Amino acid sequence: MTGTSCDGLDLAYIETNGTDIMAMGPSQIIPFEPKYRKILLERILLRVPSHFADAELSKTIANFHSHHIKNFIHQNQLTVDAIGFHGQAVWHDPTNELTVQLGDCQHLANLTGIKVVGQVRQNDVKNGGQGAPLVPIYHLALAAKLKKPTAFLNIGGVSNITFINADETLIAGDTGPGNALIDDWVERHTGIPQDTDGRYAAQGTINQKFLDKWLQHPFFTETFPKSLDRLKFHHMLDECSVLTLEDGAATLTEFTVKAIIKGLDMLPEQPNQLIICGGGCHNPTLMNGLRQYFKNLVSASDIGFDSDAIEAQLMGYLAARFFEKLPSSFPTTTGVKSPTIAGELFLPEFI
Ligand SMILES: Nc1ncnc2c1ncn2[C@@H]1O[C@H](COP(=O)(O)OP(=O)(O)O)[C@@H](O)[C@H]1O
Ligand SMILES: [Mg+2]
């Protein structure tokens, strides 16, 4: 899994029949080299949906994945039936039936000699869905023993929520920005692509005028399910340019918090607890901000999950569901017309 934060590649091993989780194995994050990250971000900022012009970058991405997947398998002495491969999201515009994840699935299968289930968002979008989020079905599996209603909040490049009702029905969608706005703001000023431990935001003052204005964005009145492109709120970085690094970080962090709270307010009832996963749970300023509005908040790691590996585990889970012909997205999670199987199979070709 590589998310919209463009921070690195997440690898995880999972044993599953696509319904139950039999075992969760090792996981690892491979941080992107700055040069590689720059190439990916430049491609995102191009804002061109074309898939075909990117054959070379798609091969490069497959080469990168293959190298690290082979090392991961070797180092952990794993036997692997299939790879669930997300690819690098560079364009997400489901209203125009477009979502583009770069990464040559066939090349990855050939290089590793392992079956690949890839292009996991395409069937959903073709069937009228948002193509995102796909993680709710995996959150449901993780929540098997938890008291309902409960909710998971993934704070990646964008933030998305999964609400699991007492009868196990799901409601899901993106809530607004996650780390990406904060990352890009701090990178502009310092060259470092994250506000490590939320330190800059903690030293700044929130600009209430900007915050009130941004929260009027029509996205926040749309009902679930809904999804976002990484750059949806990017223009706010330019508005922030009159602020100091610290005040901008504080304002963007609070914007992220308030957007999440608006999402929570849209749920049919408040969950017993909010389980936080993704990189955002390492940012204490963001977490403390959320806690001001929602008290019963835990990090997924606090209750026995590997909060940084959940989305990579999901890719394996989706692959298993593909082989079992089980749907992975639903009208209430992505707005898809009918429950839909995620992914396409790529078999290794031995030449
Ligand atoms: N110690 C930390 N302090 C602040 N932010 C952090 C920290 N560790 C990780 N992050 C944030 O988490 C992001 C990565 O989160 P991740 O869940 O991998 O997102 P994605 O799925 O979009 O790749 C980083 O870009 C960074 O913003
Ligand atoms: Mg990541």
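The values are calculated or read from the model by the stated rules, or taken from the named source; none is laboratory data. Not measured: the values here are computed from a predicted model. Cβ: placed from backbone, ideal geometry, glycine included. Neighbour counts: every protein chain shown.
Restricting attention to segment 5-35, the residues that are within 15 Å of ligand 1 (Cβ to nearest atom) and either farther than 30 Å from LYS232 by Cα or of a type outside the set (D, E, K, R) (or both) total 13.
Report yes if some residue within segment 197-207 is on the phi < 0 side of the Ramachandran plot, under 17 Å from the mean Cα position of the chain (by Cα) and surrounded by 22 or more Cβ atoms within 10 Å (Cβ to Cβ); otherwise report no.
No, that holds for no residue.
Can you pull out every residue in segment 12-25 that is over 26 Å from PRO177 (Cβ atoms) and not in a loop (DSSP other than H, G, I, E, B)? If the condition is that a residue be over 26 Å from PRO177 (Cβ atoms) and not in a loop (DSSP other than H, G, I, E, B), then TYR13, ILE14, GLU15, THR16, ILE21, MET22, ALA23, MET24, GLY25 are the ones that fit. Cβ-Cβ contacts under 6 Å between residues 6 or more apart (or on different chains), taken from a first residue in segment 266-280 that is among the aliphatic types (A, V, I, L, M) to a second residue that is within 16 Å of ligand 1 (Cβ to nearest atom) and not in a strand (DSSP E or B), are listed as ILE275/ALA300.
Only residues that are crowded, with 17+ Cβ neighbours inside 10 Å and either assigned to a helix (DSSP H, G or I) or touching a His at 6+ places or on another chain (Cβ under 8 Å) (or both) were counted across segment 276-300, and they come to 10. Restricted to segment 34-70, and to residues there that are of a type in the set (Phe, Trp, Tyr) and modelled with pLDDT of 90 or more, the residue that is surrounded by the fewest Cβ atoms within 10 Å (Cβ to Cβ) is TYR36. Taking the conditions (1) outside any helix (DSSP H, G or I); (2) in the same structural domain as VAL125 (by TED's automatic domain parsing); (3) within 16 Å of ligand 1 (Cβ to nearest atom) in turn, THR2 satisfies each one other than (2).
Here ASN154, ASN123 are screened, and the one residue that is assigned to a helix (DSSP H, G or I) and either more than 13 Å from the chain's Cα centre (by Cα) or not assigned by TED's automatic domain parsing to the domain that holds LEU40 (or both) is ASN123.
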